[in-house]
Amino acid sequence: MAYDKFTKLTSSAVPLPIENVDTDQIIPARFLKATERKGFGDNLFRDWRYNNDETPKQDFVLNNPIYAGKILVGGKNFGSGSSREHAAWAIYDYGFRCVVSSFFADIFKGNAINVGILPVQVSEPFLEQIFQAIEADPKAELTVDLDAQTITINATGAVESFDINGYKKHNLLNGFDDIDYLQAMKEEIKAFATAKAY
Amino acid sequence: MIRKIEDGPDVFFIDRHFIHEVTSPVAFLGLETRGIDVMFPDRTFATADHNTPTINQHLPVADPLSANQLLALETNSAKYGISHWGLGNPKNGIVHVVGPENGITQPGMTIVCGDSHTSTHGAFGAIAFGIGTSEVEMVLSSQCIMQPKPKKMRINVNGVLGKAVTPKDVTLFIIAQLTTAGATGYFVEYAGDVFENMSMEGRMTVCNMSIEMGARGGMIAPDETTFNYIKGKEKAPKGDAWDKALAYWKTLHTDAAAQFDKEYSFDAADIEPMITYGTNPGMGMGISKSIPKATDLEGGVATYAKSLKYMGFEESEPMIGKKVDFVFIGSCTNGRIEDFRAFASIVKGRKKADHVTAWIVPGSHIVEAQIREEGIYDILTEAGFLLRQPGCSACLAMNDDKIPAGKYAVSTSNRNFEGRQGPGSRTLLASPLVAAAAAVTGVVTDPRELL
């Protein structure tokens, strides 16, 4: 599915300083019944966000109007657990374009890039600085520059660079995906398959 | 591997692709939107499992959204000529149970599925891992995915396992040592005599849980145990093809000089029957131990406190004797015949505790048939248990098999995340023996006392 290009993003951020945020929290399994990619943002963090009677839990960050923005900042090991791409869809659909953490689970990280979300892995001290900046000012902005591969805390000017491979970076900058690439390889794939034992 | 992209991922050819109703519909929709076809339909196998009822499967599925999802799998499979084992099909069952038991899974293959427990198939010396829906679309349309090369880890367990220590305990022990992110970025090989002496069912349990320490996959070198398991299975090679395959499979072992980026070694004698006390699979301990103090562990104190609060447990408490409301045996982790044999070995001659609700869910119709043929069904019924029909069931609670809020479930499944088995549910992961001990006593019980 096509997504918007990602170049440079300056936005305030939503802090979620919890470790091991797993994909069952991001989107519980009972909300995976759709056959289309629509409306998953409504159920993002469903059980942390709403009580059983559907009323919002006031102490959860997404229900606190002072926090908003296109960047989600999570604790270490963000996105562990299930391979459900619905987790990335829910984050995207809610309006986030970038997730920052000091460590990501592999499958989530791949899924995020594939749907157009930039996962930015920073050092633990830098993550702590981000949380502190948001605590000091909930409107504190971060600037994520994909081309330069840097993330900046605008208020303090603190900057850190992050890794992403050149191929995926090119895709995100241009809004391309892997299927476009693989479709162009079909003859090569056919030849490979013919020579296979299985 | 077909192509290496400079400063990018590798392009991998996929030999076998499994799909199910939950993570495939949007991939098929993507094909339609782009106007492209399935490139090799005979390399993809569909089964309905994640969102299926485990009773009255002969009746129409009551929930319209679930029914629609099952119909989508059936329609898409038919449209593109993909093999489909839907509800009621005698081959139907959990994808990671039916793949191996029908001989689709073979050594040396690359195998993917839109499910993180695809690592199960690594038990056969296959390279198997879970993928997202975008990748399902890639495999359908090109039989390839694009992945960076993982680092290599070897985990050795040597020695003799103690009484009532099962493959599930071995894996929960390893994950407790490495933590829930300890193998992220790695592909794991399990080595040592504990795995060499393990059955295929046990090896599948271990490889299945690799993802729970963050590993993309886990594998065990194929050997005579592997070959004997595959031989005669429906889709296994036959005749000359078998001899040829066998000769190839025998070359699939790790070189003695192989280098790993990380290596761990554990002693089998240090492993007890395990149980988890927290909200990720790394929060496990020997069943006779007490819940650790936050200060004795790595990781954030606040996250740990949140976890114990959710579970309703305190630091330093023992788990033995805690009241259990539900018991679930099943899932791609422990839904194979050996698991039900183990469960029955404790249940035999005893009765289900009155206050316990038990869900006994075979991994497939083939497992269900074995349960009946071997007399396990009779043992279960005499003890007051009901056998349900195959599916993922309470492992992820997409269907009606949900543990109610606040209730405790001893579960043979793979994840104890908050709400995993239903909103507010509290999961204690354990082996089939620990599950059986809880089911007959109604509290967390050391299975060694009942054997």
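The values are calculated or read from the model by the stated rules, or taken from the named source; none is laboratory data. Bear in mind that the values here come from a model prediction, so they are computed numbers and not experimental data. Glycine gets a Cβ as well: all are built from the backbone with ideal geometry, and neighbour counts include every protein chain shown. Note: areas computed on protein heavy atoms with side chains; ligands, DNA, RNA excluded. Shrake-Rupley method; radii C 1.70, N 1.55, O 1.52, S 1.80 Å.
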Table column - 3J(HN,Hα) (Hz), the range B:392-406, Karplus curve with 6.51, -1.76, 1.60, x for Gly and Pro = 6, 6, 6, 4, 10, 6, 7, 8, 7, 7, 10, 7, x, 4, x
Which values, in whole Å and largest first, are the semi-axes of the equivalent ellipsoid of the range B:331-396 obtained as the square root of 5 times each eigenvalue of the Cα gyration tensor?
-> 18, 14, 10
Over all alpha-carbon pairs in the range B:35-146, figure out the percentage whose distance exceeds 20 Å.
-> 43 percent
When the C-alpha atoms of the range B:316-450 are aligned to their principal axes, what extent does each axis show, in angstrom, from largest down?
-> 42, 33, 22
For the range B:285-338, what is the Kirkwood estimate of the hydrodynamic radius, computed as the reciprocal of the mean inverse distance between distinct Cα atoms, to one decimal in Å?
-> 13.4 Å
Around B:Ser290, what is the net charge, scoring Lys/Arg as +1 and Asp/Glu as -1 over all other residues with Cβ under 14 Å from its Cβ?
-> -3
List the accessible area buried at the contact between B and A, summed over both sides and calculated with a 1.4 Å probe, in Å² to the nearest 100.
-> 5200 Å²
A:Ala158: net charge of surrounding residues, Cβ under 13 Å, Lys/Arg +1, Asp/Glu -1, itself excluded?
-> -3
Choose one answer from A:Asp24, A:Asp178, A:Asp47: the residue with the largest mean-square fluctuation in a GNM of chain A with alpha-carbon springs under 10 Å.
-> A:Asp178
DSSP-defined beta bridges in chain A - what % are antiparallel, rounded to 5 = 50 percent
Rounded to the nearest whole number, the per residue volume of the convex hull around the C-alpha atoms of the protein assembly as shown in Å³ is 146 Å³
Over all Cα pairs of the range B:119-278, how is the pair count split among 5 Å bins, expressed in % and running from 0 up to the last occupied bin?
-> 2, 9, 16, 20, 19, 15, 11, 6, 2, 0, 0
Roll a 1.4 angstrom probe over the protein heavy atoms and tell me the percent of accessible area of the protein assembly as shown that is carbon or sulfur.
-> 52 percent
If each of B:Ala247 and B:Lys323 carries a label point 7 Å out from its Cα toward its Cβ, how far apart are those two points in nm?
-> 6.5 nm
So what's Rg/Rh here for the range A:151-198, counting alpha carbon atoms and using the Kirkwood radius for Rh?
-> 1.33
With every protein chain kept in place and a 1.4 Å probe, the protein assembly as shown has an accessible area per residue in Å² of 36 Å²
Shielding by other protein chains, B:127-137, mean Cβ within 10 Å | 6
Which parts of the range A:1-43 would a label at A:Lys139 reach, counting a residue when its backbone N lies under 20 Å from a point 7 Å out along Cα-to-Cβ?
-> A:9-15
For A:Ala158, enumerate residues with amide H under 5 Å from its amide H, sequence gap 5+ or separate chain, H modeled in the peptide plane.
-> A:Ile153
Starting from the Kirkwood radius over alpha-carbon pairs of the range B:382-451, derive D by Stokes-Einstein at 10 °C in a medium of 1.306 mPa s and give it in µm² s⁻¹.
-> 125 µm²/s
Quick one: what does P(r) look like for chain A with 5 Å bins over all Cα pairs, in whole %?
-> 1, 7, 15, 19, 19, 16, 10, 6, 4, 2, 2, 1, 0
Between B:Glu263 and residues 5 or more places away or on another chain, which pairs have amide H atoms under 5 Å apart, with H built 1.01 Å from N, and which residues are they?
-> B:Arg154
Using modelled backbone amide H atoms (1.01 Å from N, in-plane), which distant-in-sequence or interchain residues come within less than 5 Å of B:Lys235's amide H?
-> B:Gly103, B:Ile104
Looking at the range A:1-80, what % of the alpha carbon pairs are farther apart than 20 Å?
-> 43 percent
Have a look at chain B and give its Rg and Dmax from the Cα atoms, expressed in angstrom.
-> 21.1, 63
Counting only DSSP beta bridges with both partners in the protein assembly as shown, the antiparallel fraction in percent, to the nearest 5, comes to 35 percent
Over all Cα pairs of the range B:249-338, the Kirkwood radius sets Rh, and Rg/Rh then becomes 1.09
At the level of C-alpha centres, the distance separating the range B:212-253 and the range A:30-46, in angstrom, is 38 Å
At a Förster radius of 22 Å, what calculated FRET efficiency corresponds to the Cβ-Cβ distance of A:His170 and B:Arg34, to the nearest 0.05?
-> 0.65
Within chain B, percent of DSSP bridges classed antiparallel, to nearest 5 = 25 percent
Report, in cubic angstrom per residue, the convex hull volume of the C-alpha atoms of the range A:87-174.
-> 100 Å³
Let me know the volume per residue of the alpha-carbon convex hull for the range B:41-95, in Å³.
-> 75 Å³
Computed over the range B:206-278, the distribution of all Cα-Cα distances in 5 Å bins, rounded to whole %, is 3, 10, 14, 18, 18, 14, 11, 8, 3, 1, 0
Computed lengthening from B:Glu6 to B:Glu196, 0.36 nm per intervening residue step minus Cα-Cα distance = 64.6 nm
Length gained when the stretch A:Lys196-A:Glu124 is fully extended (0.36 nm per residue, less Cα-Cα span) = 21.4 nm
Label-point separation in nm, B:Tyr264 to A:Ser161, each point 7 Å along Cα→Cβ = 3.3 nm
Short version: ³J(HN,Hα) in whole Hz for each residue of the range A:172-187, in order, from phi by Karplus 6.51 cos²θ - 1.76 cosθ + 1.60 (θ = phi - 60°), x for Gly and Pro, what are they?
-> 5, 5, 10, x, 8, 10, 5, 5, 4, 4, 5, 4, 6, 9, 4, 5
